[in-house]
Amino acid sequence: MTTADLTQDPTLLAGKAPKSDSPTRRAIQRFRRHRLAMLALVIFSIICLSAIFAPVIERYPPDAISLRDKFQPPSAEHWLGTDRLGRDVWSRTVNGGRVSLAVGLMAALISTSIGMLFGAISGYYGGWSDMAVMRVTDVFLTFPPIIIMLAIAAFVGQSIVNVILIIGLLSWPTTARLVRGQVLAVREEQFVLASRSLGAKNSRLINQHVLPNTIAPLLAEVTFAVGAAILTEAGLSFLGLGVPLPTPSWGNMLETARSLDILENGPWMWVPPAIMTLLTILCINFIGDGVRDAIDPRHRGKG
Amino acid sequence: MGQYILRRILISIPVLILITFSIYVLIDLAPGDPTDFFINPELGVTEENLANLRARFGLDQPLPVRYVNWLGQTLQGDLGYRFKNGDPVGEVLAQRLQNTLILMAAALFLGWALGVSAGIFTGLRQYSFWDFTLTGLSFIGISMPAFVAGIFGLYIFAVKLGWFPAGGMQTIGRSSSPFDLLWHLVLPATTLSLFYIATFMRYTRFSMLEVINQDYIRTARGKGIPERTVVMRHAFRNAILPVVTVTGLSVRNLVAGALFIETIYSWPGMGSLFLDAVLVRDYPMIMGVMLVVAIVVLIANLLTDLTYGAVDPRIRLQGQA
């Protein structure tokens with residue numbers, strides 16, 4: 001651009017800074033054009049808001065037992081009816097979402113951090129550390145995670161913290177593999193070599209150059225990891241080894257449907273958490289897909 | 001091909017050994033002492049009695065020794081006896097494994113048959129009405145947890161409509177027949193397969209789209225080959241590779257899905273057995289199921305590699321110059 005061009009640039013004349021065209025901005029633009037992903041983001045935000053403001057929108061305390069009102073179908077009094085102990089299903093659903101989403105987010109945070117750490121070490125240093133990390137992931141990836149998690153949940157006992165730790169500490173291998181692959185690719189790039197030749201230490205190379213370049217592909221993975229963690233919590237609770245009662249979670253609300261009587265005669269007790277779980281996972285999958293398309297347009301059209 | 005198979009098998013062995021060791025250590029770390037299951041607390045057991053018991057079962061040995069002993073027994077097919085009721089683990093497991101494999105095979109078959117056909121169908125009609133409809137449905141399919149699908153299936157088709165039985169593998173009081181089994185299999189297998197129909201459809205569609213615009217497809221069409229042959233022999237043959245990989249990777253999740261479906265439909269399989277074992281801390285059975293699951297997944301991976309080699313000559317000939 002010559003100086004003449006610059007003076008004629010309307011944004012400059014209007015006193016605005018020229019619109020920068022960074023990869024991030026372009027990715028955000030692409031994401032916003034992805035209509036389904038945007039819709040999913042809106043719905044997911046509503047679900048999150050209802051979880052955050054659960055204490056405000058609940059109409060009864062979620063664990064308030066009222067045996068006189070037990071087993072009531074939906075009414076003006078109880079929008080989604082009441083359960084076996086007369087607890088309000090609407091209150092339990094919004095509060096259950098609070099628990100399910102919190103567990104999912106925290107567990108995904110833990111597993112992604114561990115996955116990034118091990119993936120980076122394994123990919124960057126190679127050698128025996130790579131060997132060790134990869135063999136451990138081999139073992140993990142041979143088992144359906146739920147098998148190990150169920151066993152450990154039974155050993156250590158049930159609590160919300162245990163559920164978060166179990167999911168978080170056992171779900172990292174997929175992330176580690178992904179990060180390792182990315183790191184292996186970035187490690188050989190010219191700019192890393194340049195920085196190294198300037199005398200940068202390994203820790204600086206990893207933090208400043210290698211990891212930032214793996215963040216973009218990782219973003220979609222993190223989205224899916226949150227979905228997987230929410231799903232795992234629901235699964236563990238559904239089997240009676242997740243979030244312990246009386247704390248509501250979508251999974252342990254669904255557990256009531258394992259009794260044929262409630263399945264048949266009280267669908268209002270289990271349909272709301274079932275729909276919410278499905279809707280949340282659906283939104284997260286759409287968002288993750290949008291993020292992946294936005295970061296790497298080659299993926300376009302897969303969904 | 002023989003060398004390729006051998007190499008694949010040899011790669012699996014160290015992983016399997018590592019897995020057995022991990023299972024052993026996990027159970028070793030679990031709370032409780034195996035001797036608890038052999039003593040009656042009301043009979044006043046002295047420390048000396050306990051020590052004798054430990055020595056008799058080799059429990060006083062260091063971990064590596066105990067592991068090797070256990071592995072030796074396991075390799076001879078002796079998986080021990082259940083803490084719960086003293087039944088031999090191996091025998092119970094074999095029966096349950098068979099039932100789980102029936103369920104998994106049926107779900108995988110449905111997933112492949114419906115998913116791959118839908119994938120080819122939509123892949124050839126990108127942006128058409130059917131493409132949008134089926135692709136949209138596939139999103140719901142991949143977002144549907146097995147237990148949600150299972151419960152809705154049970155509620156709608158067994159409880160409300162009464163089309164299919166609500167659980168079990170056969171009608172009680174009637175002699176078992178293949179039709180009866182199939183009848184009981186429909187709901188569990190279909191609800192389990194929804195996720196895989198959706199997954200296989202998405203992968204097939206995506207890889208058909210990748211392949212269908214390649215030059216060699218245009219060449220094949222240009223030569224005047226019938227469209228059917230172009231699609232099946234030229235496009236599909238190449239598009240199927242990623243689907244083979246995904247199928248192999250699916251088996252791991254299929255085991256987890258089967259666990260939920262078995263619980264919902266009281267299908268007497270390995271998953272419901274495992275849940276039962278976990279709840280009463282039946283360690284020999286927990287170890288047995290874990291070992292069998294690992295072997296099933298490893299065999300599935302091996303079969304995937306072999307299929308891959310059979311479908312794609314480039315893979316099988318790699319490194320054989």
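The values are calculated or read from the model by the stated rules, or taken from the named source; none is laboratory data. Predicted model, so just to flag it, every value in this text is computed and none were measured. Here the Cβ positions follow ideal geometry from the backbone for every residue, glycine too, while neighbour counts run over all protein chains shown. Accessible surface is based on the protein model in full, side chains and every heavy atom, while ligands, DNA and RNA are left aside. Shrake-Rupley method; radii C 1.70, N 1.55, O 1.52, S 1.80 Å.
For the reader, a short list of remarks on this structure follows.
- All positions within segment B:92-128 that are surrounded by fewer than 14 Cβ atoms within 10 Å (Cβ to Cβ), touching a helix residue (DSSP H, G or I) at 6+ places or on another chain (Cβ under 9 Å) and not in a helix (DSSP H, G or I): B:S128
- Within segment B:81-91, none of the residues are under 18 Å from B:L18 (Cβ atoms) and either modelled with pLDDT of 80 or more or open to solvent by less than 90 Å² (accessible area, probe 1.4 Å) (or both).
- B:S176 falls short on exactly one of the conditions (1) within 14 Å of chain A (Cβ to nearest Cβ); (2) out of contact with any Phe, Trp or Tyr (no Cβ under 9 Å at 6 or more places or on another chain); (3) not basic (K, R), and that condition is (1).
- Failed item, numbered, when B:T171 is tested on (1) within 12 Å of another protein chain (Cβ to nearest Cβ); (2) within 17 Å of B:E262 (Cα to Cα); (3) not aliphatic (A, V, I, L, M): (1)
- Where a residue in segment B:144-160 is closer than 18 Å to A:A234 by Cα and its partner, wherever it lies, is of a type in the set (F, W, Y) and in a helix (DSSP H, G or I), with Cβ under 7 Å and at least six apart: B:M144/B:F195; B:A146/B:F195; B:A146/B:F260; B:F147/A:F238; B:F147/B:F260; B:G150/B:F260; B:I151/A:W270
- A single member of A:T247, A:T214 is out of contact with any His (no Cβ under 9 Å at 6 or more places or on another chain) and not in a helix (DSSP H, G or I), and it is A:T247.
- The residue of segment B:218-245 that is nearest to B:V92 (Cα to Cα), among those that are within 14 Å of another protein chain (Cβ to nearest Cβ) and open to solvent by less than 20 Å² (accessible area, probe 1.4 Å), is B:V243.
- One residue alone among A:F224, A:F238 is within 14 Å of chain B (Cβ to nearest Cβ) and surrounded by fewer than 24 Cβ atoms within 10 Å (Cβ to Cβ), and that residue is A:F224.
- With respect to the conditions (1) exposed (fewer than 15 other Cβ atoms within 10 Å of the Cβ); (2) over 30 Å from A:S171 (Cβ atoms); (3) at pLDDT 75 or above; (4) not basic (K, R), A:W90 lacks only one, and its number is (1).
- Qualifying residue in segment A:176-191 (condition: within 14 Å of chain B (Cβ to nearest Cβ) and not hydrophobic (A, V, I, L, M, F, W, C)): yes
- Residue pairs whose Cβ atoms lie under 7 Å apart, sitting 6 or more positions apart in sequence or on different chains, and linking a residue in segment A:264-280 that is more than 12 Å from A:G251 (Cα to Cα) to a partner that is aromatic (F, W, Y) and open to solvent by less than 30 Å² (accessible area, probe 1.4 Å), do not occur here.
- Exclusive hit being touching a residue at least 12 places away in the same chain (Cβ under 8 Å) and within 14 Å of chain B (Cβ to nearest Cβ), set A:L218, A:L169: A:L169
- Flag if A:M276 is open to solvent by 10 Å² or more (accessible area, probe 1.4 Å), more than 9 Å from chain B (Cβ to nearest Cβ) and assigned to a helix (DSSP H, G or I): yes
- Candidate set: segment B:249-280, residues that are surrounded by fewer than 20 Cβ atoms within 10 Å (Cβ to Cβ) and touching a Lys or Arg at 6+ places or on another chain (Cβ under 9 Å); chosen: the one farthest from the other protein chains (Cβ to nearest Cβ): B:P268
- Beta carbons closer than 7 Å, at least 6 apart along the sequence or on distinct chains, pair a first residue in segment B:47-70 that is over 16 Å from B:I23 (Cα atoms) with a second that is open to solvent by 50 Å² or more (accessible area, probe 1.4 Å) and among the polar types (S, T, N, Q) for B:G58/B:N69.
Matching residues to (1) open to solvent by less than 30 Å² (accessible area, probe 1.4 Å); (2) at positive phi; (3) modelled with pLDDT of 85 or more; (4) among the charged types (D, E, K, R):
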site	(1), (2), (3), (4)
A:V183	yes, no, no, no
A:N202	no, no, no, no
A:H209	no, no, no, no
A:N213	no, no, no, no
A:A216	no, no, no, no
A:L245	no, no, no, no
A:S249	yes, no, yes, no
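- Test set (1) modelled with pLDDT of 85 or more; (2) open to solvent by 40 Å² or more (accessible area, probe 1.4 Å); (3) away from chain B (no Cβ under 13 Å); (4) over 24 Å from A:D63 (Cβ atoms) - A:D130 fails condition number: (2)
- Residue in segment A:108-126 that is within 13 Å of chain B (Cβ to nearest Cβ), open to solvent by 20 Å² or more (accessible area, probe 1.4 Å) and assigned to a helix (DSSP H, G or I) present: no
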